[in-house]
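Data first, discussion second: the structure below is written as structure tokens.
Every number here is computed from the coordinates shown, using simple stated rules; none is lab data. In this text the structure is predicted, and so the values were computed from the model without any measurement. In this analysis, Cβ positions are derived from the backbone assuming ideal geometry, glycine residues included, and neighbour counts consider all displayed protein chains.
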Amino acid sequence: MHGLSRWRVSSGRKEEDTRAGQESLTVGSWRPTISEVHGLAPHGQAVRSIFVFCSVKESMRVLFVGDIVGSPGRQIVRDRLADLVAQRQIDLVIANGENSASGFGITPRLAEELLNMGIAVISGGNHSWDRKEVLEFLPHEPRLLRPANFPEGNPGGGLYVGAAKNGVKFAVLNLQGRVFMTPIDDPFRKADSELARIPEDVDFVLVDMHAETTSEKLAMGWYLDGRVTAVVGTHTHVATADEHVFPEGTAYITDVGMTGPHGGVIGMDRNGIIAKFLNGLPARFEVATGDVQMNCVLIETDDDGPRNAAGRIRARAIERIRLHID
């Protein structure tokens, strides 16, 4: 079975959610269920359902793809992303790619592969440094980020400013938490200094908060409410169900989840993980197989509404999307 867990079809300014109990969260209101589109067809085959976009899009749509794990994660992105972008009229795609090389790190070749799939910016995390060959590549590819709050002098950067295909200027900031993780520089104060560097004419700002604990991510969401358009959490590989828009217009989710095989334990073969829990001995982890999913969030902006306190576009809605291959 190939399909989206949820779809909405555009009709004027009203957006529909198609599964009861799984509505997108917006500021102050729920959106009514109207109809359903049954899903994406397998790559290269006809789409099973017919749908029509009835009006000109009135908001910017940004897709964030959760942590891409190994070749299964890259394959589902290759097979599904282009269709999803076309059908949902997405203007900008961002993804976390720090696990794309056999579950640990990313290589220059794989970074270029993901960028060529239509991903505009690749964020990272604690595994950004796992592949030695990427260290010399990072300074030469600004679209491949690593957390900005690693100590000064490390290769690469954690902030990228560019323009989406609709012409809107955007910025992506990559941060890493410190609770139960490497005690690097303070991500909150780093957020302050990096946001101050973003030009005033940048309309959309997204922060990837790569962290272990819900509390640290949620605190960052509140800290940046009204200063950025979206704060999305990564790292745990388990999607959370707390997507919402904060009072000052910042879209938030604690963890987007994983793009890769869910037939194991957070992307790794379950037998090796279970053995390590049983005997406590070092083990070599391999990427899992089966139940390959692509977990994302779609952020819609409120282009016609007032800007936030920092002069950026506010978010109007955030929606979880899950594509899967059985």
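Karplus-based coupling profile of region 139-156, in residue order and whole Hz: x, 9, 10, x, 7, 9, 9, 10, x, 5, 8, 6, x, 4, x, 6, x, x, with θ = phi - 60° in 6.51 cos²θ - 1.76 cosθ + 1.60 and x standing for Gly or Pro.
Among the trypsin sites (Lys or Arg not before Pro) within region 151-189, those in coil by DSSP and having at most 15 neighbouring Cβ atoms inside 10 Å are 165. Across region 286-292, coupling constants 3J(HN,Hα) worked out from phi with the 6.51/-1.76/1.60 Karplus curve, θ = phi - 60°, read 10, 4, 6, 10, x, 6, 6 Hz, and Gly and Pro carry x.
Amide H contacts of residue 287 (H built 1.01 Å from N, in plane; Pro and chain starts excluded): 269 sit under 5 Å, all sequence-distant by 5 or more or on other chains.
Residues whose amide H comes within less than 5 Å of that of residue 317, counting only those at least five positions distant or on another chain, are 300 (H built at 1.01 Å from N in the peptide plane).
Residue 237's amide H: which non-local residues (gap 5+, or another chain) put their own amide H closer than 5 Å, with H modeled 1.01 Å from N in plane and none for Pro or chain starts? The answer is 257.
Residue order for 254, 259, 214, 229, fewest other beta carbons within 10 angstrom first, comes to 214, 254, 229, 259.
Here the Karplus curve 6.51 cos²θ - 1.76 cosθ + 1.60, taken at θ = phi - 60°, turns the phi angles of region 264-271 into couplings of x, 10, 6, x, 9, 4, 5, 5 Hz, with x standing for Gly and Pro.
Using a 10 Å cut-off on Cβ atoms, rank the peptides 127-135, 276-284, 202-210, 261-269 from the highest mean neighbour count down. It would help to have the intermediate numbers written out before the result.
Working: 127-135: 18.3, 276-284: 9.6, 202-210: 25.6, 261-269: 20.9.
Order by mean packing, descending: 202-210, 261-269, 127-135, 276-284.
When the Cα positions of 164, 321, 214 are compared along the charge dipole of region 59-325, 321 comes out farthest toward the positive end, with charges on each C-beta of Lys, Arg, Asp and Glu.
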